[in-house]
Each structure stands twice: as C-alpha cells, then as structure tokens.
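This report concerns only the one structure given below.
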C-alpha cells in the first residue's frame, strides 16, 4: 500500500466524483454547462494536469475502478492512471454537468499491438445537440487534447496533432497526423460498454505478466504544444510536426525527479519505484 493511501489529511471520497474538487484539480474556472466550449476546456485541462501513468501495475498493485478509489488517487493523491481510470472519472464528472455520455471500447493498433488486438481501451462518446463526439483523456502518448466529431471524416484540429475519424462498415478508426503520415491509433464501434466489461480487461492489463503496464513504467502528459512521454528510463518530447526529442535517463533517481517535476506525480513509495527500475535495468543488461 502506498504511503499516500494511509494519510489521514486527505478528503474522504464519495460514491460520485466531487465535481468542485475535480475542477479545482484541473484548474477549470469556466461555465459548468453542457456545451462544446466547456467540454473542450475540460478535456484540454484534464490531459494537461492529470498524467497518464502505470505506477500501480508496475509495482504489482491493483488498479481499482470504483469511483471513490479513482477520486482518491487522481484528485486527492495527485496521481494519474491509465484509460479506465481517466475516462471513468471524466464520465462521472461530465454526467453530473449534464452531458449525455456513453462508455465505448477500442482495439489499439498504435505501438505494435498486432493485427488482431483485443478491445482493451476505453473511450467516451459524448452527444451534444445530436452530434456525437469522441472524448478520450487516457491514451497515453497520443491522448487527444480536444473532443473530435465522430460523424466527420476530415482532419480536425486539437491543441496538438490533427486527428480524423474514418468510417467503414460501422467501424470507426481514429488516426493522428504524425509528421506527414496518418497513423492509426485504434478502431471502435458505438456499442455501449459497462463497468463489468472494463473490470475484466482492467484485471488483465494490470496483472498479466505480459502486459506492458506490468512490465514497464509508462507516463505521459500533454503540455502546451508538445507532449511528455516516459517509457522506463527513456524520456521523449513529441511535437505536433512529428519531431521527437529523446533522452536516456541513466539512474532511477533521474526518473523519480522527472515523474515529480515534469509529469507532476506525487510518487508513491519512491524506494519501491527505484528498486523496481534498478531490477529491470539489471535484467536488461544481462539479456
């Protein structure tokens, strides 16, 4: 159990995400109305202030999806998480603000997931005056920073790369323009998913010994015009034109500093993170 989970000065999480505390966490001060402007600002600020990170499965800890656990971790403990955590938290907030929201599932192709990947990614469908929008706050290195119209096939602007949604036989494909090439991120349909669906795939991603979240430390955060990405001890900054700056971090302590200062994570049990990274580094040097 992390040290932050034992603190008595943290607010007690409730069964619903406390909207005021969430909006304070992301620095949102706009109108609390179900409009596209509100949705855009919330998604932009969420992906800038709440990082994507895999510390729990990397350290062998569970990833609970109950709203009190998500509230405690992502809001009060100033942590991040992966897709289920981000998008379940965001779904609760948006519903309380009056948005019509549906949870969906996607098959991820970005990052070499194979020709027939399982539907392990969560995203949201938000309806605004009859128009469907794709909202996703938890896709790591290429998390969209703005809502995207699902019914449009032309390029759409975000605060980072342009995106587009392609349609074929009821399947939608989300693509991002990386440099001068459209790259496929994931495919999805519009069938609603339930928490029980996500619980199954969440257990697999957080426990299976071959899961990238178990074997690797991953973190990502959107910034103004660029993205911060961490994979174990490799730190990258990605720019909208496709340019990527990379740096290898030599020591586990360098990773801890980066997690704190760049990804803005209150790291739980730094000594365990340090030991796990050192162990992984030692195994890698022997192979």
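Kindly give the semi-axes, whole Å and largest first, of the ellipsoid equivalent to the chain, taking each as the square root of 5 times a Cα gyration tensor eigenvalue. The partial results should precede the final answer.
Details: eigenvalues 156, 107, 67 Å².
For the chain, the semi-axes come out at 28, 23, 18 Å.
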Discussion item. Which residue fluctuates most in the GNM of the chain (Cα springs below 10 Å): 32, 227, 243?
Written reply: 243
Practice prompt. Could you quote the convex hull projected area for the range 119-253, Cα atoms only and averaged over all directions, in nm²?
Written response: 9.9 nm²
Worksheet item: Mean residue ellipticity at 222 nm from the helices of the chain, using -39,500 (n - 2.57) per DSSP H segment of n ≥ 4 over the full residue count, to the nearest 500 deg cm²/dmol?
Response: -9000 deg cm²/dmol
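At 0.36 nm per residue, and after removing the present C-alpha to C-alpha distance, how many nm does the segment from residue 195 to residue 29 gain when stretched out fully? It would help to have the intermediate numbers written out before the result.
Numbers: separation 166, 0.36 × 166 = 59.76 nm, distance 2.98 nm.
This chain segment gains 56.8 nm when fully extended.
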Item to complete: Place the peptides 144-151, 170-177, 51-58 in order of packing, highest mean first, counting for every residue the other Cβ atoms within 10 Å and averaging per peptide.
Response: 51-58, 144-151, 170-177
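Bear in mind these aren't lab numbers, they're just calculated from the coordinates by the rules spelled out. Values in this document were obtained by computation on a predicted structure and should not be read as measured data. Neighbour counts are summed over all protein chains in view; Cβ atoms, including those assigned to glycine, are modelled from backbone coordinates with ideal geometry.
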